[in-house]
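Data first, discussion second: the structure below is written as structure tokens.
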Amino acid sequence: MFFIYLHFYNLMFSLLFFMGLVFSFLGLYFMMFDYMIFLDWEILSINSFCINMSLIFDYMSFMFMGFVLLISSMVVYYSYEYMYDDMYKNRFLLLVLMFILSMMFMIISPNMISILLGWDGLGLVSYALVIYFQNYNSYNSGMLTVMTNRIGDVAILMCIAWMLNFGSWNYIYYLGFYDFTMNNIIIFSILAAFTKSAQIPFSSWLPAAMAAPTPVSALVHSSTLVTAGVYLMIRFSELLINIDCTFFIVLSMMTMFMSGLGANFEFDLKKIIALSTLSQLGLMMMILFLGFPNLAFFHLLTHAFFKALLFLCAGMIIHVMNNCQDIREMGNVITMIPYTSTCFIISSFSLCGLPFLSGFYSKDLILEVFSMSNMNMLYYVIMMVSVMFTVSYSFRLMNYLMFMGFGNYVFQSYYEGNKMMVSMILLTFFSIFLGVILMSLMFKTPFVIILPFYLKIGPLLSICSGVILAMLFFNKKMVDYMNFTLFSMYFFGNMWFMPFFSTYGLYQYFMLTSNRYFKYIDMGWGEYIFSKSHINYMYLVSKINYLIEFNNVKLFMVSFIFLMIMMLL
Amino acid sequence: MFSLSFLTLFITLIDWYILLIFLMFIMFYMMVSFNMLDWFSMVSYMFGGDILSFSLIILSFWIIFLMVLASSLVYKNMTYYSEFMFMNVLLLIFLMFSFSVNNLFMYYLFFECSLIPTLILIFGWGYQPERLMAGYYLLFYTLFFSLPMLLGIFYINNFCFSMFYFLIYVDYNFYLYISMLLAFLAKMPMIFIHFWLPKAHVEAPISGSMILAGVLLKLGGYGIMRVFFFMKSYYFNYLFLSISLFGIFMVGILCMFQIDMKSLIAYSSVAHMGMVICGLMCMNMLGMIGSLILMIGHGLCSSGMFCLANIAYERSSSRSIFINKGLLTFMPSMCLFWFLLMINNMASPPSMNLLGEILLINSIISWSSISFFYLMFASFMGCLYSIYLYSSINHGLIYKGLLCGYYGYYIEFYLLFLHWLPLNIFFLKIDIISLLVF
């Protein structure tokens, strides 16, 4: 049985890797020749509309699919060793494969109905993965995850309903339109994208989804689930010129700010990385709503690789730490597992946007384009502070993990598995070089950036000041100070209380409503008026009958007297 | 075909698996012999059918087949074995007649007739003494709301001297409208007259629940479609539409308060049927087709969910979701079916429920775009209670008081697979529904 599992994992790894390579090359090919293949399968046609299963293959979908497959092949290879002792690792692999499949369907469908296959699939399979471990925490997290994702599904259903007016659900054909209907469609699709990409009113599920096994987190948070919303918005981006995006820009910037700030107060290793994903998603969404979808796509791809790497390294650290995730208990990891720590630091630097790593190319470009697009001072400051926070939590994390002395967990088996190490190589390579590769591939005509000197070095300055901020946060005195203002720590560390608003804040009213409705209507008045009315009527009638029958002596007397009087008269 | 199905009555004396073979045989015979045309065809005496009748007849065949398959406890304990199968086949015959007659009175007759075997199923094979009350509810709700319909039918007969569906031309008024619809709405059930449904489901044996959720609720939808052939009234539909929109909203919330698996599934039936009522009352093409698809999908799906609830019940002897916990630990493959059927219940792709729900949402939004709030909420709550049921049954620690548990039998997997397969494979040939003409 063991060998079957072994072969299954390896087989799937080879398959995914091969497909990833093929799709990436096809992406390059399609990009070079500017091809697009559109397949359409008509499922149902009634009256004047037809439901299609549509598939789109252009450079964007091919390249994204290729990268998703490459990352997931690495993750599958990694999880062979990570899930080695797990009883249900076969189920785990199948779920991961279903997840990847759903993502593929999401990427290649430009149709509102056929996108549901991938979109719902992502939400549901991610639910099954989040509740993979059988504990209370994962149960709750899974519920939060699937519910928030369901809001997005429902929003897509509403898009479908509004799109009926066009007679077909291939939204790709109607991007040039704009009317009242289209306005609704945009609003609902933005809602869908915001739930999937965990933007601000809906962002509480993303750190909660960390209850999933770490390889899944690597997949979910790098390239698959959370980027689905950004991807949908990239496809819809031609429509965004029609509406006022200011509100959405503010929301996505707030997401970035909130999660960056929150990550500085978090002590859970995976949650810090989840929050950093959230802040990067905010960045992508922001630049997308600013009108640069290709930049968002660029950052999506580079981010996918270094974030997957970051999660894999974190998973490795958690693995050797006997599944402890608290960074306060870790320390001096770099002497124990140097290779993983190197990868971790490379990907963290890439995340910070340190020059000439992969993240730098996309992030710096985004920041420069942002600086150039005439936003006001407040926006600029929030943006730069968010970038600073990215650097600060990364360095804080590294401080805790690498450079601090030993934590509580010292006597563990510090062992770097071969398979885990191998799977990090490709990701490390791409976290260093993918930026420059994609930069030269995607932007054949370079962006013209015209900025004054201080704005030009603004991102670099904020990175440098981020390091200082990290030292401040790490400083004992600073921590004491933050403890002194406990409320602010509580507030910022809890994502601005968003998890409470999306759980306790909502369900208590519904439970109350449900309780009362059930008590008063279903078991109360409904029973009384509808179900029991017949019986009650019968009771009434028989009561009257009873009265008549058993009061007969009096009645007869009265009637007798009455009759006598009548007769006498 | 009808004579064949009469023959089936005698088969019940032999054994249940022979009955299964026979049922399948008749079903396939019917599938090949039916003229799948886009009008009411094969008319002879008072029978005939179009795609609407045909699909619901196939559904009732399928559900009865699965009912016989699901009730293995009856065969094991030998609790009135052949009587049970006799009731099933009788029910099948009544259902088949009621779907295939073209006469309004005859439809009414068989509609009422189908109540009798159901009642006997509940009284005879239910578990608890409360089943008498449940049966009483079931009987009297249907009778009370359908007697006005009888008067309505006689009025129609006096008015246009025919009860053939397609020859009726009648000036309706509010009273006629109410009398013709209320019987079906109580059967569907619409919210506020749904109180019999959770009780009947909770007390019914697995076969009773399956047929109740699978086909008997669809009798109402079918009847409404047939009545709307000649009673094209738009004026009062908004009443039922609004009530049902409120219903799908409220029942969704209500499902979260259920601790009884069967009761939860029954309430989810009410929510789905509310959506079907909305679609029917919109009286457009999309609504009709969507209702038909959702009815078939829901018939298969909720029947499968009742099967699952029963499988859990057979292990733990309880329907409470506090006791049935952690099923993943001792029957992991069954958990897959739990998940698949639950996500089908919340309209996941590529199930029939999703298609029906999409079409219904389209039709209801085209009736009034403000109803989007209710629909969004209903769809969201649909996910919520499905996932809630799934996870509270399958996830977590196993109940400590559960002394023994055993894995699923092949027959159970087979049963669930036969629920799941048509539900998810049907979209490949969904074109057939476009033959439905109004």
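What follows draws every value from the coordinates through simple rules; no lab data is involved. No experiment lies behind these values; they were computed from the predicted model shown. With ideal geometry, Cβ positions are generated from the backbone for all residues, glycine too; neighbour counts draw on all protein chains shown.
Take each residue in A:156-164, count the other chain C-beta atoms within 10 Å of its C-beta, and the mean is 6. Using a 10 Å cut-off around each Cβ, can you sort B:M381, B:M285 from fewest to most neighbouring Cβ atoms? Ordered by Cβ neighbours within 10 Å, fewest first: B:M285, B:M381.
Averaged over peptide B:352-362, the number of partner chain Cβ atoms lying within 10 Å of each residue's Cβ comes to 4.
How big is D, in µm² s⁻¹, for segment A:244-488 by Stokes-Einstein at 37 °C and 0.692 mPa s if Rh is the Kirkwood radius over C-alpha pairs? Diffusion coefficient, whole number: 178 µm²/s.
For chain B, the longest principal axis of the C-alpha atoms and the axis of helix B:174-187 are separated by about 20°. Projecting the Cα atoms of A:L460, A:H534, A:Y35 onto the charge dipole of chain A, computed from C-beta unit charges around the Cα centre, puts A:H534 farthest toward the positive end.
If you run the Gaussian network model on chain B, springs between alpha carbon atoms under 10 Å, then out of B:P129, B:P148, B:P189 the most flexible one is B:P129.
To the nearest 20 Debye, how big is the dipole of the protein assembly as shown about its Cα centre, given +1 on the beta carbon of each Lys and Arg and -1 on that of each Asp and Glu?
Value, rounded to 20: 1260 debye.
Think of chain A as a dipole: +1 on every Lys or Arg Cβ, -1 on every Asp or Glu Cβ, centred on the Cα centre; then among A:T513, A:S222, A:L11, A:T513 lies furthest on the positive end.
Using a cutoff of 8 angstrom between alpha carbon atoms and counting only pairs six or more residues apart, the relative contact order for chain A works out to 12 percent. Express in % the proportion of alpha carbon pairs of the protein assembly as shown at distances exceeding 55 Å. Here the tail beyond 55 Å accounts for 22 percent of pairs. At a threshold of 8 angstrom on Cα-Cα distance, excluding pairs fewer than six apart, so keeping six or more, what relative contact order does segment A:309-396 reach in percent? The normalised contact order for segment A:309-396 reaches 23 percent. In the structure shown, the pairs A:K307/A:K419; A:K543/B:K262; B:K76/B:K429; B:K199/B:K429; A:K271/A:K419 are assessed against 29 Å; a Cα-Cα span above that value is assigned to A:K543/B:K262; B:K76/B:K429; B:K199/B:K429. Where in segment B:175-235 are there trypsin sites (Lys or Arg not before Pro) that are in a DSSP coil and have at most 10 other Cβ atoms within 10 angstrom of their Cβ? Within segment B:175-235, the qualifying trypsin sites (Lys or Arg not before Pro) (loop, at most 10 other Cβ atoms within 10 Å) are B:K232.
Listed from fewest to most Cβ neighbours within 10 Å, the set A:V68, B:V227 follows the order B:V227, A:V68. In percent, rounded to a whole number, the relative contact order of chain B is 15, using alpha-carbon pairs under 8 Å and six or more apart. When the charge dipole of segment A:244-488 is built from unit charges on Cβ atoms (+1 for Lys and Arg, -1 for Asp and Glu) and taken about the Cα centre, the candidate among A:I272, A:L451, A:S392 whose Cα reaches farthest toward its positive end is A:L451. Rounding to the nearest 10 and keeping the result within 0 to 90°, find how far the Cα-based axis of helix B:131-160 lies from the longest principal axis of chain B. With both axes taken from Cα atoms, the answer is about 10 degrees.
Between A:D58 and A:I37, the built amide H atoms are under 5 Å apart, and every one of these is 5 or more places off in sequence or on another chain.
Helices from chain A with mean Kyte-Doolittle at least 1.6 and a Cα length along the axis of 20 Å or more, per DSSP H: which? Walk me through the intermediate numbers first.
Values: long enough: A:2-33 (46 Å, 1.81); A:59-82 (34 Å, 1.13); A:89-108 (29 Å, 2.00); A:114-130 (24 Å, 1.48); A:136-163 (40 Å, 0.62); A:180-196 (24 Å, 1.33); A:246-263 (25 Å, 1.68); A:269-289 (30 Å, 1.55); A:293-320 (40 Å, 1.50); A:338-352 (21 Å, 1.06); A:358-372 (22 Å, 0.59); A:377-398 (31 Å, 1.48); A:418-442 (34 Å, 1.92); A:458-474 (23 Å, 2.13); A:533-550 (25 Å, 0.38); A:552-568 (23 Å, 2.15).
Both cut-offs are met by A:2-33, A:89-108, A:246-263, A:418-442, A:458-474, A:552-568.
Residue exposure proxy: B:C383, B:C307, A:C324, ordered by other Cβ atoms within 10 angstrom of their Cβ from fewest to most, comes out as A:C324, B:C307, B:C383. Taking amide H atoms as placed 1.01 Å from N in the peptide plane, the amide H of A:M53 lies under 5 Å from those of A:W41, A:E42, A:I43, each 5 or more residues away in sequence or on another chain. Relative to one another, the C-alpha centroids of segment A:115-142 and segment B:163-228 are positioned 37 Å apart.
Comparing B:L151, B:L119, B:L217 in a Gaussian network model of chain B, where Cα atoms under 10 Å apart are tied by springs, the biggest mean-square fluctuation is seen for B:L151. A P(r) calculated from all alpha carbon pairs of chain A, with 20 Å bins opening at zero, reads 20, 50, 18, 5, 5, 2, 0 percent.
Add +1 for every Lys or Arg and -1 for every Asp or Glu among the other residues with Cβ under 12 Å from the Cβ of B:G135, and state the total.
Taking every Cβ under 12 Å from that of B:G135, the sum is 0.
Each Lys and Arg contributes +1 and each Asp and Glu -1, all at the Cβ; summed about the Cα centre of chain A, the dipole is approximately 840 debye. In the elastic network of chain B, a GNM with C-alpha springs shorter than 10 Å, the most mobile of B:Y388, B:Y234, B:Y108 is B:Y234.
Can you give the helix-only mean residue ellipticity at 222 nm for the protein assembly as shown, where every DSSP H stretch with n ≥ 4 adds -39500 (n - 2.57) and the sum goes over all residues, rounded to the nearest 500 deg cm²/dmol?
Values: 45 runs with 716 residues, N = 1007.
Result for the protein assembly as shown: -23500 deg cm²/dmol, rounded to the nearest 500.
As a rough guide to protection, the peptides B:399-409, B:152-162 ranked by mean Cβ packing within 10 Å, highest first, stand as B:152-162, B:399-409.
Taking the C-alpha atoms only, the angle from helix B:372-394 to the longest principal axis of chain B is near 30 degrees.
Working note: Cα atoms of segment A:522-569, range along each principal axis, descending, whole Å: 59, 19, 12. A run of chain A free of exposed loop cleavage sites, with trypsin sites (Lys or Arg not before Pro) counted only in DSSP states other than H, G, I, E and B and at most 15 other beta carbons within 10 Å, reaches its longest extent at A:1-443. Counting only Cβ charges, +1 for Lys and Arg and -1 for Asp and Glu, the dipole size of chain B around its Cα centre is about 520 debye.
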